[in-house]
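Asker: Following this message is one structure expressed as structure tokens.
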Amino acid sequence: MRRISCTTLAFMLLMLALLSGQSGQFASAAGEGPIGWASYDGGTTGGTGGVEKTFVSLSDMQAYFKLRESNNPDKRITEKVIVYIDGTMSGSDKLDIKNTANVSIIGRNNAKISFMINIVRSQNIIVKNITSSDCSDDGLCVDSSTNVWVDHCTFMRAYDGLLDIKNGSNYVTVSWNHFKEHKKTALCGHSANNGSADSGKLKVTYHHNWFEGTNSRHPRVRFGQVHVYNNFFDRLTDYGVASTCDAEVLVEGNYFASVKRPVIWPQPGTDAASTLSNDPAGKVKERSNYYDSGSGQPMVNDSGFSFSPPYSYALDNAGNVPSLLRQYAGAEKSGTPPDPEEPEEPIDPEEPAEVAAGDVNGDGSINSLDCAMMKMYLIGAISSFPYPQAADVDKSGSVNSLDYLYMQKYVLGLISEFPGDDPGPQPTDGDIYASPNGSGSAGGTISNPTTLEAAIALVKPGGTIYLRGGTYSFSTQLTIARGNDGQSGKMKKIFAYGEEKPVLDFSSQPYGDVSSNYRGLQINAHYWHVKGIEVKGSADNGIFIGGSYNIIEKCEAHRNRDTGIQLGRYSSGASKSEWPSHNQIIDCVSHNNMDPDDGEDADGFACKLTTGDGNKFINCVAYNNVDDGWDLYTKSDTGAIGAVYLENCTSYKNGVTSDGSYTADSDGNGFKLGGEDIAVNHTVKNCTSYSNKKHGFTYNRNTGTITMTGNKAYQNGQRNFSFEAGTHIFSKNVSTNGGANDKIVGVDDGTNQWYKK
């Protein structure tokens with residue numbers, strides 16, 4: 001065995017030093033320090049190395065931070081502390097982190113909060129691995145604070161902004177977060193009149209964030225020097241990045257998918273100027289971005305642009321950003337770096353005949369040294385590998401941070417093979433592949449896919465139809481007919497293939513008589529599981545379920561010309577015993593659905609008129625639908641429906657679409673729970689309703705016993721809770737800031753908080 005040369009040993013020791021000490025592209029993904037502005041001016045370490053405290057209640061955490069607080073910097077408690085939020089923590093108040101320093105707030109056990117985190121006049125703060133939703137103010141606010149790092153969090157549905165940075169805050173990094181289901185997303189600089197506090201500050205980096213279906217401010221910048229790189233701007237409904245008030249914003253290496261106004265500044269005489277309140281101009285420079293065919297062109301104002309990031313960073317290829325962020329952005333998606341292992345007796349590698357994927361230094365094993373070399377390459381410390389063919393572990397054709405992350409997982413034992421070694425789901429007996437360009441006569445393999453229509457006719461119980469990504473266009477209804485059933489334990493499945501996004505587009509369906517318009521996907525059969533698809537543009541319902549024991553999971557229905565996802569009898573002649581029962585709608589989103597004729601029919605979700613027992617909605621979201629978020633309407637012609645179970649669902653801003661469309665007939669309730677004095681005993685648990693045009697939760701003349709437990713409602717146009725008759729049961733519900741006093745009839749166990757002006 002030959003011993004390693006001094007030169008090679010020095011090189012390997014250099015790699016280990018760089019792995020432990022050099023900030024690079026993957027720091028936030030892998031659990032090291034931040035990249036970007038938060039690494040500047042001494043860096044941001046939070047409470048690393050300090051005491052650890054775990055909290056399960058907001059009041060206890062508020063009390064702790066109150067003790068640390070002092071307006072006198074010399075009297076502040078600045079001992080390092082890591083504060084863990086364990087599991088779900090609710091509350092309608094906010095957590096003030098004021099006048100303190102050296103704090104990490106880290107979520108664990110799927111930490112979820114519904115209150116604002118307010119960081120004020122503080123230094124060296126980390127917020128990580130938390131899901132923030134349904135806050136009655138901002139989700140997170142950084143105010144007059146320095147060296148702040150917000151990493152691997154998920155933000156959605158707040159009353160105001162999801163993440164605001166303002167009042168001279170400085171040296172901030174926002175990385176690997178997932179923003180969704182909201183309008184005002186990320187503000188950087190709160191006012192054009194705050195130049196005295198903000199000029200020369202607001203140095204912020206936004207990198208590797210996934211902005212999914214949000215509306216505006218990604219970010220909206222005033223005064224600062226801001227770096228926006230390797231973010232995924234995914235189907236934004238208004239604009240992407242905006243620069244105003246003498247800001248300098250560098251936008252590079254991002255992926256824009258269906259963003260009509262990807263980059264804007266208030267150029268006089270343009271729509272952008274009006275959008276941005278005619279604020280003074282800011283400078284903006286863009287480079288190396290990818291704009292898909294559904295995106296517009298960026299507005300650039302780079303004359304005299306002088307900002308150049310003073311820190312080291314590695315830029316991913318923009319084309320790889322969507323797959324990277326879908327896997328690693330958001331809460332519960334952080335990694336842990338491997339500990340470097342110094343070999344007891346390192347040897348000069350002998351070149352093997354064929355080097356395995358991941359063995360970039362060619363020593364015959366895949367370990368921390370390979371990770372170190374990969375990292376050095378990506379941060380620019382070295383320009384090549386001894387075995388470059390081994391570095392592209394996912395066989396994507398390029399070497400990027402996704403390869404590095406796969407290598408880390410392999411070394412840690414979290415995966416046993418690389419994606420490039422695994423061709424993905426392969427057809428077993430009964431599995432079929434379909435694609436937008438498939439042929440009805442094809443074999444349905446991954447290399448020879450068929451059409452979705454043909455696959456539906458061919459798939460057997462227990463089999464899966466894998467839909468490749470892309471747009472499937474239909475001018476007629478796509479029906480899974482009665483009798484084309486799966487079986488209990490052997491469901492027929494339609495699944496998106498891997499991380500790809502299949503879109504069923506029914507926009508070319510004609511719109512005419514509302515009694516005969518085509519629906520999009522109509523499932524009349526039993527035991528089907530549909531997962532990961534997007535449905536849009538249908539002349540009637542996007543997805544209609546007329547069968548039983550079906551699962552609709554992780555689907556999106558939007559811009560349909562009636563309700564997004566609805567359950568009801570499959571034909572007018574169906575008996576009550578045939579009404580759809582025991583279906584589950586899980587993790588689905590339905591938004592911006594509107595019926596063109598009168599604007600009073602298109603809800604987010606509907607389970608009404610002719611539905612049986614046991615139907616459930618779990619973790620679903622409805623927003624900006626022209627009528628109601630949920631509609632469980634009953635009428636005397638058809639009688640009572642089966643009881644419906646709703647849990648962890650959210651409904652907001654219904655009664656008007658995101659582009660401002662509505663009619664005088666648009667109701668705008670968050671959850672409409674009945675009709676025509678018919679008693680049905682629904683259950684609504686841990687749901688949230690806010691900013692809807694009319695009521696948050698309304699019994700709507702359901703005179704039965706609706707069980708309402710742990711729900712929240714605020715800022716609805718009329719009552720947050722409207723229950724005027726019946727024997728309903730109320731426990732642990734919270735109502736604030738309604739348009740009118742709540743009306744409660746039934747059993748109140750004393751744990752509720754109602755709104756009264």
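The values are calculated or read from the model by the stated rules, or taken from the named source; none is laboratory data. Computed from a predicted structure; not experimentally measured. Glycine also receives a Cβ, built like all others from the backbone with ideal geometry; neighbour counts cover every protein chain displayed.
Asker: Taking strands (runs of 3 or more DSSP E) that do not extend beyond region 661-709, which have at least 1 residues that are of a type in the set (Phe, Trp, Tyr)?
Answerer: Counting at least 1 such residues, we get 688-690.
Asker: Any chance you could count how many residues in region 651-672 are surrounded by fewer than 23 Cβ atoms within 10 Å (Cβ to Cβ) and of a type outside the set (D, E, K, R)?
Answerer: Qualifying residue count, region 651-672: 7.
Asker: From the set of residues in region 205-216 that are part of a strand (DSSP E or B) and touching a Phe, Trp or Tyr at 6+ places or on another chain (Cβ under 6 Å), which is surrounded by the most Cβ atoms within 10 Å (Cβ to Cβ)?
Answerer: Among them, the one singled out is Phe211.
Asker: Right, here's the next one. Go through (1) under 16 Å from Ile744 (Cα atoms); (2) without any contact (Cβ under 8 Å) to a residue 12 or more places away in the chain and name the single condition Arg701 misses.
Answerer: Among (1) under 16 Å from Ile744 (Cα atoms); (2) without any contact (Cβ under 8 Å) to a residue 12 or more places away in the chain, Arg701 violates only (2).
Asker: Restricting attention to region 87-105, which residues are more than 24 Å from Pro34 (Cβ to Cβ) and out of contact with any helix residue (DSSP H, G or I) (no Cβ under 6 Å at 6 or more places or on another chain)? If you could, list the steps in order and put the result at the bottom.
Answerer: Taking region 87-105 as the starting set, the residues that turn out to be more than 24 Å from Pro34 (Cβ to Cβ) are 87-94.
Of everything in region 87-105, those that are more than 24 Å from Pro34 (Cβ to Cβ) and out of contact with any helix residue (DSSP H, G or I) (no Cβ under 6 Å at 6 or more places or on another chain) turn out to be Gly87, Thr88, Ser90, Ser92, Asp93, Lys94.
Asker: Does Ala197 fit the bill of being farther than 25 Å from Phe115 by Cβ and modelled with pLDDT under 95?
Answerer: Here the answer is yes, as Ala197 does meet what is asked.
Asker: Take the residues of region 449-470 that are hydroxyl-bearing (Ser, Thr, Tyr) and over 25 Å from the mean Cα position of the chain (by Cα): which is surrounded by the fewest Cβ atoms within 10 Å (Cβ to Cβ)?
Answerer: Residues of region 449-470 that are hydroxyl-bearing (Ser, Thr, Tyr), as a first pass: 450-451, 464, 466.
Retained after the next criterion (residues that are over 25 Å from the mean Cα position of the chain (by Cα)): 450-451, 464.
Values: Thr450: 22, Thr451: 19, Thr464: 22.
Here the answer is Thr451.
Asker: Another one. For residues in region 244-279 being within 21 Å of the chain's Cα centre (by Cα) and among the hydroxyl-bearing types (Ser, Thr, Tyr), which is farthest from Val300 (Cα to Cα)?
Answerer: Ser258
For (1) among the basic types (Lys, Arg); (2) closer than 27 Å to Ile106 by Cα, each residue gets a yes or a no:
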site: Ser191; (1), (2): no, no
site: Ser199; (1), (2): no, no
site: Thr214; (1), (2): no, yes
site: Arg222; (1), (2): yes, no
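Asker: Related question: Go through Leu632, Leu609 for me and flag whichever is of a type outside the set (Phe, Trp, Tyr), farther than 25 Å from Phe474 by Cα and surrounded by fewer than 24 Cβ atoms within 10 Å (Cβ to Cβ).
Answerer: Going through Leu632, Leu609 in turn, the sole match is Leu609.
Asker: Taking the stated definitions as given, is Asp134 crowded, with 22+ Cβ neighbours inside 10 Å and either over 20 Å from Ala38 (Cα atoms) or not aliphatic (A, V, I, L, M) (or both)?
Answerer: For Asp134, the condition - crowded, with 22+ Cβ neighbours inside 10 Å and either over 20 Å from Ala38 (Cα atoms) or not aliphatic (A, V, I, L, M) (or both) - is met.
Asker: A further question on this structure: So which residues in region 673-686 are crowded, with 21+ Cβ neighbours inside 10 Å and in contact with a strand residue (DSSP E or B) (Cβ under 6 Å, 6 or more places away or on another chain), if there are any at all?
Answerer: Within region 673-686, His682, Val684 qualify.
Asker: Go through region 723-755 and report how many residues are of a type outside the set (Phe, Trp, Tyr) and touching an Asp or Glu at 6+ places or on another chain (Cβ under 7 Å). Show your work before the answer.
Answerer: Pass one, region 723-755, residues of a type outside the set (Phe, Trp, Tyr): 724-729, 731-753.
Going one step further and asking which of them are touching an Asp or Glu at 6+ places or on another chain (Cβ under 7 Å), we end up with 731, 735, 743, 745.
Residues flagged as of a type outside the set (Phe, Trp, Tyr) and touching an Asp or Glu at 6+ places or on another chain (Cβ under 7 Å) within region 723-755 amount to 4.
Asker: Additional query: Please specify each residue of region 293-311 satisfying the condition of being in contact with a Ser or Thr (Cβ under 8 Å, 6 or more places away or on another chain), surrounded by 14 or more Cβ atoms within 10 Å (Cβ to Cβ) and more than 16 Å from Ser243 (Cα to Cα).
Answerer: Ser295, Pro309, Tyr311
Asker: Same structure, new question: In region 247-261, is there at least one residue being surrounded by fewer than 21 Cβ atoms within 10 Å (Cβ to Cβ), touching a residue at least 24 places away in the same chain (Cβ under 8 Å) and under 28 Å from Asn193 (Cβ atoms)?
Answerer: no
Asker: Right, here's the next one. Going by the conditions given, is Phe223 in contact with a helix residue (DSSP H, G or I) (Cβ under 6 Å, 6 or more places away or on another chain) and without any contact (Cβ under 8 Å) to a residue 60 or more places away in the chain?
Answerer: So Phe223 fits the description; yes.
Asker: Only one of (1) among the charged types (D, E, K, R); (2) surrounded by 22 or more Cβ atoms within 10 Å (Cβ to Cβ); (3) touching a Phe, Trp or Tyr at 6+ places or on another chain (Cβ under 7 Å) fails for Asp748. Which number is that?
Answerer: (2)
Asker: Take the residues in region 309-325 that are in a loop (DSSP other than H, G, I, E, B) and in contact with a helix residue (DSSP H, G or I) (Cβ under 7 Å, 6 or more places away or on another chain); name whichever of them is farthest from Gly224 (Cα to Cα).
Answerer: My answer is Asp316.
Asker: Which condition does Lys616 not pass, out of (1) outside any loop (DSSP other than H, G, I, E, B); (2) buried (at least 21 other Cβ atoms within 10 Å of the Cβ), if it passes all the others?
Answerer: (2)
Asker: Let me ask something additional. What number of residues within region 498-548 are within 14 Å of Ile456 (Cβ to Cβ) and among the polar types (S, T, N, Q)?
Answerer: So the count comes out to 2.
Asker: Run down Ala713, Ala740, Ala725 and say which single residue is free of Cβ contacts under 8 Å to residues at least 24 places away in the same chain and small (Gly, Ala, Ser).
Answerer: Ala740
Asker: Looking at Phe179, Phe155 in this structure, which one is aromatic (Phe, Trp, Tyr), out of contact with any helix residue (DSSP H, G or I) (no Cβ under 9 Å at 6 or more places or on another chain), modelled with pLDDT of 95 or more and closer than 15 Å to Gly240 by Cβ? Before you say what the answer is, go through the steps one by one.
Answerer: Values: Phe155 fails: closer than 15 Å to Gly240 by Cβ.
Criteria check complete, one pass: Phe179.
Asker: Given the residues Ala643, Ala602, which is the only one that is buried (at least 24 other Cβ atoms within 10 Å of the Cβ) and more than 23 Å from the chain's Cα centre (by Cα)?
Answerer: Selected residue: Ala602, the only one of Ala643, Ala602 that is buried (at least 24 other Cβ atoms within 10 Å of the Cβ) and more than 23 Å from the chain's Cα centre (by Cα).
Asker: While we're here: Working only within region 111-128, note down all residues that are part of a loop (DSSP other than H, G, I, E, B) and buried (at least 22 other Cβ atoms within 10 Å of the Cβ).
Answerer: Across region 111-128, the qualifying residues are Ser114, Ser122.
Asker: Does Asn716 satisfy being buried (at least 18 other Cβ atoms within 10 Å of the Cβ) and closer than 16 Å to Ser92 by Cα? Working first, answer last.
Answerer: Working: buried (at least 18 other Cβ atoms within 10 Å of the Cβ): yes; closer than 16 Å to Ser92 by Cα: yes.
So Asn716 passes the test.
Asker: Something else about it: Hey, can you tell me all the residues within region 267-288 that are surrounded by fewer than 24 Cβ atoms within 10 Å (Cβ to Cβ) and assigned to a loop (DSSP other than H, G, I, E, B)?
Answerer: Selection gives Gln267, Pro268, Gly269, Thr270, Ser277, Asn278, Asp279, Pro280, Ser288.
Asker: Determine the pairs where a residue that is within 17 Å of Pro502 (Cα to Cα), located within region 445-461, has a partner that is among the basic types (Lys, Arg) with Cβ atoms under 9 Å apart, the partner being 6 or more residues away or on another chain.
Answerer: Filtered contacts from region 445-461: Ile446/Arg468; Pro449/Arg468; Ile456/Lys492.
Asker: Confirm whether Pro262 is at pLDDT 95 or above, touching a His at 6+ places or on another chain (Cβ under 8 Å) and more than 16 Å from Cys188 (Cα to Cα).
Answerer: Judged against the criteria, Pro262 is not a match.
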